[in-house]
Amino acid sequence: MSATLDDLYRHDYYAWSRQQAAELRRLQAERVNTRLDLDNLAEEVESSGRSDLRRVKSQLRRVIEHLLKLQYSPASDPHHGWRETSLEARQDIDDYLTLSMRPEIEAELQRDYAKAREKTVMALQRHGEGKAAAELPVALPYSLADLLDPDWWPPAASDQSAEKGQ
């Protein structure tokens, strides 16, 4: 394996898996005489990389859900748990997010936000926080940099109430 492929494998598994799947498909198209099941191997290699992408997207939605709760829920007791869960998800994202994933993540961020928002609305309503659920913005209020930054937190609902009262 060349140093370039080895580096790609170690530092951007998603890009490596896509490149290797394309190479396997190229060999299949050239009808290389081999006993390898090139089509299914390509699909498995590519699927492995997509699994990492799905993991990152899932954790991003989890971060969004908890940041929305932190910002809009008037309840204070669960704030510590939401912060802890957000930090854990951000750390997991840091382990899997690669440069080649970023364009896809950014392209689908609003769609992923809509999914996270829908789940947050249900959770807030289930806990009698219909007003907070109704206040959630339709458009993503956070940048990708905010979502990934383990030290960034939105203002809490109580902070916003205090500012409005001044």
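What follows is calculated from the coordinates using simple rules that are stated; it is not laboratory data. Source: prediction; values computed, not measured. A quick note on method: Cβ atoms are made from the backbone with ideal geometry, for glycine too, and the neighbour counts reach across all protein chains shown.
Were the residues from Asp151 through Glu108 laid out at 0.36 nm apart, the gain over their Cα-Cα distance would be 13.1 nm. In this calculation the C-beta distance from Thr4 to Gln91 is compared with R0 = 30 Å, giving a FRET efficiency of 0.55.
As a proxy for reagent exposure, His79, His66, His11 were ordered by neighbouring Cβ count within 10 angstrom, fewest first; the result is His11, His79, His66.
Distance between the 7 Å Cα→Cβ label points at Lys115 and Thr34: 3.3 nm. Computed from point charges on the beta carbon alone (+1 for Lys and Arg, -1 for Asp and Glu), the dipole magnitude for the stretch 1-110 about its Cα centre is near 200 Debye. At each listed q (0.20, 0.24 Å⁻¹), what is the log10 of I(q)/I(0) that the Debye formula gives for the stretch 1-99 modelled as equal alpha-carbon point scatterers? For the requested q values the scattering log ratios are -0.95, -1.14.
The simple Förster model, with R0 at 30 Å and r as the Cβ-Cβ distance, assigns Glu84 and Ala139 a FRET efficiency of 0.65. Kindly provide the trypsin sites (Lys or Arg not before Pro) of the stretch 1-63 that DSSP labels as loop, not H, G, I, E or B, and whose Cβ sees at most 10 other Cβ atoms within 10 Å. Here the trypsin sites (Lys or Arg not before Pro) that fit, given the DSSP loop and packing criteria, are Arg31, Arg35. With the simple model of a label 7 Å out from the Cα in the direction of the Cβ, Ser76 to Met122 spans 3.0 nm. Note on His11 and Ser51: the model spin-label points, each 7 Å out from Cα along the C-beta direction, lie 2.5 nm apart.
Specify, per residue and in Å³, the volume enclosed by the convex hull of the alpha carbon atoms belonging to the chain.
Normalising the Cα hull of the chain by residue number yields 134 Å³.
For the stretch 62-142, GluC sites (Glu not before Pro) meeting the loop criterion (DSSP other than H, G, I, E, B) and having at most 16 other Cβ atoms within 10 Å: Glu108.
By the scheme Lys and Arg +1, Asp and Glu -1, what is the net charge of all other residues having a beta-carbon under 12 Å from that of Leu41?
Summing Lys/Arg as +1 and Asp/Glu as -1 gives -4.
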